[in-house]
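So the structure is just underneath, and the comments pick up after that.
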Amino acid sequence: MLFGSANSTHLAATSSRFAGLSLGRTRRSVAYVGVDLSEPYAKIACLRENRNGGFDWTQQYRWKLPAMASNEPSTTWLDDVLKSLADRFPRPIDGDVNLATVALPMSWTQYQTALGHELDQVHRRSDAIFRHSVFASDSAVCHWPVTGAHLRLPDANSQYVTAATAQRASCQIAAVITSLGYQVRSVLPHAVALTHASFQLTGIDAQCVLWLDRSSALIAVRHRSGVGLARSLPSLPTHLDTPDVAVRLDAYALRPYLSDIAGEYHRTADYVARSENASRSQKPILIAGSLAGIDGVDEVLATLCNVPIATWTFRSGSRPTPPSNSARVQDLQLDSDFASALSLAYSTTRTSKRGYGK
């Protein structure tokens, strides 16, 4: 369903190393695949069920998506993204069942809050926004209540989070992946996948997931009913996200930016506490994304947020063993970098032909 309803390692940058690659066969015939289109990289992760009732992380793939000319999206750029998927997406093994869930780039997704009786109006506004954008498309919108059903059932006056993206782009991307032999079960917002999979894949009972990547940032609150408030956050400042600076980016250089992120966390936590008529949670924050894996980022955020910080680490089952001579793999901090792709793969286990959660 569109946009849901609420052991070797390959890390190459060239298409020749990706063309024709397959997700390795194990004893299980069903592969759960997460496809995270996070600018500027596409990341794919595969989970398979193990004998203990958990999931083994068996493969991951990563390549750079086409860059936007002058940092402005265009129809040519959209075509290039689709061609990149067709050329570099790993081919499945014949006979395997490969089920997939996809997340479009966060910059293609608009999060906002609205009252229940305003949802139709939000959908119409989202249609207008995406029709007059480079996507030239109606929107695909999903929504969920800010406050979990464990406290009260939502109604027309309840606060909801909406996530909207381009319907045509979603369908085009799903069609490309389907043409390669996958069954695309859902297109989900990052917030939903990251939150719903956080405890199952990491074992951390977190109050929220904080996604910190070079091109995007997001906070998604977690409660007993699932995902709550979700907000896009300021992305990494341009002066820090340059080829020269990015190589030596460290927690000290990031501190001013992390201070801004901590401020957004405090505002989000206060809002949630008021909505639930409760005190602020003291559970840890789970951080993920490429910036989360930088040494010292967790310590800086723990000081600024005044709550424990846990870095996203896969603990559900076995995991790929990177080549011992590959320093680059270690530098990438695979767990936090692939957290979204793995979360999407886990989300696939909760889908049917009708979509996510159905």
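The values are calculated or read from the model by the stated rules, or taken from the named source; none is laboratory data. Not measured: the values here are computed from a predicted model. Because the Cβ atoms are built from the backbone with ideal geometry, glycine has one as well, and the counts that use them run over all protein chains shown. Side chains are part of the model used for accessible areas, which takes the heavy atoms of the whole protein and leaves out ligands, DNA and RNA. Shrake-Rupley method; radii C 1.70, N 1.55, O 1.52, S 1.80 Å.
If only one of Asp120, Asp94 is within 30 Å of Val30 (Cβ to Cβ), out of contact with any strand residue (DSSP E or B) (no Cβ under 9 Å at 6 or more places or on another chain) and not basic (Lys, Arg), which one is it?
On the way: Asp120 fails: within 30 Å of Val30 (Cβ to Cβ).
Going through Asp120, Asp94 in turn, the sole match is Asp94.
Could you check, for region 4-18, whether at least one of its residues is of a type in the set (S, T, N, Q) and either within 19 Å of the chain's Cα centre (by Cα) or at pLDDT 90 or above (or both)? Break it down into steps so the answer makes sense when it comes.
Step one: of region 4-18, the residues of a type in the set (S, T, N, Q) are 5, 7-9, 14-16.
From what is left, the residues that are either within 19 Å of the chain's Cα centre (by Cα) or at pLDDT 90 or above (or both) are 5.
Yes, there is a match, as at least one residue in region 4-18 is of a type in the set (S, T, N, Q) and either within 19 Å of the chain's Cα centre (by Cα) or at pLDDT 90 or above (or both).
For residues in region 44-61 being of a type outside the set (Asp, Glu) and open to solvent by 30 Å² or more (accessible area, probe 1.4 Å), which is nearest to the chain's Cα centre (by Cα)? Walk me through it before giving the result.
Pass one, region 44-61, residues of a type outside the set (Asp, Glu): 44-48, 50-55, 57-61.
Applying the additional criterion that residues be open to solvent by 30 Å² or more (accessible area, probe 1.4 Å) yields 51-53.
Values: Arg51: 27, Asn52: 26, Gly53: 24 Å.
Of everything passing the filter in region 44-61, Gly53 is nearest to the chain's Cα centre (by Cα).
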### Of all residues making up region 116-137, the number that are surrounded by fewer than 20 Cβ atoms within 10 Å (Cβ to Cβ), assigned to a loop (DSSP other than H, G, I, E, B) and not β-branched (Val, Ile, Thr)
4
### Query
Among the numbered criteria (1) surrounded by 13 or more Cβ atoms within 10 Å (Cβ to Cβ); (2) within 30 Å of Lys64 (Cβ to Cβ), which single criterion is violated by Pro256?
(1)
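So which of Ser281, Ser290 is part of a loop (DSSP other than H, G, I, E, B), at pLDDT 90 or above and within 12 Å of Cys208 (Cα to Cα)? Quick ask: steps written out before the conclusion?
Values: Ser290 fails: within 12 Å of Cys208 (Cα to Cα).
The unique qualifying residue is Ser281.
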### Summary
Among the residues of region 43-71, the number that are touching a strand residue (DSSP E or B) at 6+ places or on another chain (Cβ under 8 Å) and closer than 21 Å to Thr349 by Cβ is 15
### Message
Among the residues in region 138-145, are any assigned to a loop (DSSP other than H, G, I, E, B) and modelled with pLDDT of 95 or more?
### Response
yes
### Top-ranked residue of region 92-104 - restricted to ones that are modelled with pLDDT of 90 or more and either more than 18 Å from Arg185 (Cβ to Cβ) or open to solvent by less than 20 Å² (accessible area, probe 1.4 Å) (or both), ranked as farthest from the chain's Cα centre (by Cα)
Asn98
### Query
Given the conditions (1) more than 23 Å from the chain's Cα centre (by Cα); (2) on the phi > 0 side of the Ramachandran plot, and given that Gly181 satisfies all but one, which numbered condition is not satisfied?
(1)
### Query
Can you find a residue in region 225-245 that is farther than 19 Å from Ser107 by Cα, exposed (fewer than 13 other Cβ atoms within 10 Å of the Cβ), of a type outside the set (S, T, N, Q) and within 23 Å of the chain's Cα centre (by Cα)?
no
### Task
For region 78-91, enumerate the residues that are part of a helix (DSSP H, G or I), surrounded by fewer than 18 Cβ atoms within 10 Å (Cβ to Cβ) and not aliphatic (A, V, I, L, M).
Asp79, Asp80, Lys83, Asp87
### Query
Quick one: would you say Ala175 is open to solvent by 30 Å² or more (accessible area, probe 1.4 Å), under 23 Å from Thr348 (Cβ atoms) and modelled with pLDDT of 95 or more?
yes
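Criterion first (among the polar types (S, T, N, Q), open to solvent by 60 Å² or more (accessible area, probe 1.4 Å) and not in a helix (DSSP H, G or I)) does Thr113 satisfy it?
Answer is yes for this residue.
Residues in region 293-311 that are in a strand (DSSP E or B) and over 28 Å from Leu37 (Cα atoms): how many?
Quick first cut of region 293-311, residues in a strand (DSSP E or B) only: 309-311.
Cutting the leftovers down to over 28 Å from Leu37 (Cα atoms) gives us none.
Residues that pass the stated criteria total 0.
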## Note on the structure
Checked pairs for region 291-305, first closer than 19 Å to Ser216 by Cα and open to solvent by less than 10 Å² (accessible area, probe 1.4 Å), second in a helix (DSSP H, G or I) and not basic (Lys, Arg), C-beta under 7 Å and 6 or more apart or across chains, list as Leu291/Leu254; Leu291/Val297; Ala292/Ser336; Val297/Ala251; Val297/Leu254; Val297/Leu258; Leu301/Leu258; Leu301/Ala262
